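Following: one structure in structure tokens, then a few remarks.
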Amino acid sequence: MGIGRNIANSIVINEPTISNFHAALLLRDNGVVELADRGGANGAAINGVRLASASRAPVTDGDLISIGRVDCRLLIQDQA
């Protein structure tokens, strides 16, 4: 699920500090959700810890995700 300014993303955020294709949320086969930094100039962070460019890290329910200067709280709902 892509995150960025470009309308091709699943989550579009029209904000100058966000790149066209800034980050992505990935659901792994084992059920783990990861935030992937796609090399955006202003980076991505989880709970205040910045990801290295082009890296990814697991996220869990309630984590604070920062994309550029935009902060979002991740809420994961059980689909069962």
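Note on the range 20-35: residues that are surrounded by fewer than 19 Cβ atoms within 10 Å (Cβ to Cβ) and either of a type in the set (S, T, Y) or within 11 Å of the chain's Cα centre (by Cα) (or both) total 5. For the range 56-80, which positions are of a type in the set (S, T, Y) and either at pLDDT below 95 or open to solvent by 60 Å² or more (accessible area, probe 1.4 Å) (or both)? T60 - this is the single residue of the range 56-80 that is of a type in the set (S, T, Y) and either at pLDDT below 95 or open to solvent by 60 Å² or more (accessible area, probe 1.4 Å) (or both). Elements of the type strands (runs of 3 or more DSSP E) sitting completely within the range 11-80 and holding at least 2 residues that are among the β-branched types (V, I, T): these cover 64-67.
The values are calculated or read from the model by the stated rules, or taken from the named source; none is laboratory data. The model shown is predicted, which means the values in this text are computed figures rather than measured ones. Methodologically, a virtual Cβ is constructed for each residue, glycine included, from the backbone with ideal geometry; neighbour enumeration extends over all protein chains shown. With ligands, DNA and RNA removed, areas are computed over all heavy atoms of the protein, side chains included. Shrake-Rupley method; radii C 1.70, N 1.55, O 1.52, S 1.80 Å.
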